[in-house]
1. Give the distance, in whole Å, between the Cα centre of segment 350-373 and the Cα centre of segment 396-411.
2. Points 7 angstrom from Cα along the Cβ direction at residue 186 and residue 208: gap in nanometres?
3. Rounded to whole Å and sorted largest first, what semi-axes of the equivalent ellipsoid does the C-alpha gyration tensor of segment 297-439 yield via the square root of 5 times each eigenvalue?
4. Take the Cβ-Cβ distance between residue 345 and residue 396 as r, set R0 to 41 Å, and report the resulting FRET efficiency rounded to the nearest 0.05.
5. Distances longer than 19 Å among the Cα atoms of segment 83-205: what percent of all pairs is that?
6. Would you list 315, 142, 431 from fewest to most Cβ contacts within 10 Å?
């Protein structure tokens, strides 16, 4: 069981040995916010493919464009959110709160859009704008609240709580659809109310200024990391006067060669990633599931992610974060290949398990991989650059797969996606620093 600590003062003495094993209270509070918010967002995500493709009659190409917009068309906003969060103490929570509120309000946009494609696109864009604004400040608060050697565990705990919301969201959507005879409007209303609750939790329980852990003079063992050249150069910049301002700090941190290699590898792999909604649609077609049961598909992946997020983070802390990150994408490749065999219940279960493994080994691990290379004063900006590159790449991947499905059919499109991911994995293996580089 992971115990939460209370907030620490900036002038507090260094933690004694063993205290670093606890998860800071800020991480737990942010996990609670993400849990509630994910219940809200996953309610919509679970029903969105059916609502757009089956309910409104959008083609796979149109859905691919909107899905890409839903996941990646907020690059500039991500960068802006990171820059704003780095401008002063307490800004991280303010910027993140604005993002959470915007996402909650987007549910009302879906409710008022009706069947208008423009209104739906605007509502989806508003939701992604909110996520783009909040993600980098939130992850920066996690890295500023936990020691560098336990970042994998901290992100694992946060992602596990986040995924609990992702697990509950489709269940709530299923219950609402069952109780209202497939009334999508009711799902949007409940999602809006839940999203507002997340904003309230953020304001009440997340401190405005998370404390960065003090530097350690003599660590008992080296921190396993795939960024050896970045760690020494980033350490002196951790103080409040390390850079003249957010812009200069962000420019210096993102210019680090090791960090740029992480960004390049994440973007390359993201471009070969098929959106989860497409995979769920393929499973729905193979199993011939009813519309009411469709929201239950993400539960398998979310349950696996929930179970593996913390162990994956601990393994990454001990063994290095490069290998788990690459192996997670290998699990995604295995999911693509599994979808090419005749569909059935065992196939569906295996695909959902592999998706859970993919997210557990890559989501928080990627942030923990990159964060030690970034100075505290520019951490939100640096993480925003990384998240932006990945989001833009996934926009290209989702739109490309939607076009391939429309022109060639689902099976040839999936074969092309598997080949692209295999090539991207080979390239990422060479791009990311290996063990020899750490010496």
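1. If you average the Cα positions of each part, the centres end up 25 Å apart.
2. The modelled label-to-label distance comes out at 4.2 nm.
3. Numbers: eigenvalues 159, 71, 43 Å².
Taking √(5λ) for each eigenvalue gives 28, 19, 15 Å, largest first.
4. Values: r = 33 Å, r/R0 = 0.81.
After rounding to 0.05, the efficiency reads 0.80.
5. Values: 4237 of 7503 pairs.
Considering segment 83-205, 56 percent of its Cα-Cα pairs are separated by more than 19 Å.
6. Starting with the residue having the fewest Cβ neighbours, the order is 431, 315, 142.
Every number in this text was worked out from the coordinates using simple rules, so none of it is lab data. These numbers come from a predicted model, not from an experiment. All Cβ positions, glycine included, derive from the backbone under ideal geometry; neighbour counts span all protein chains shown.
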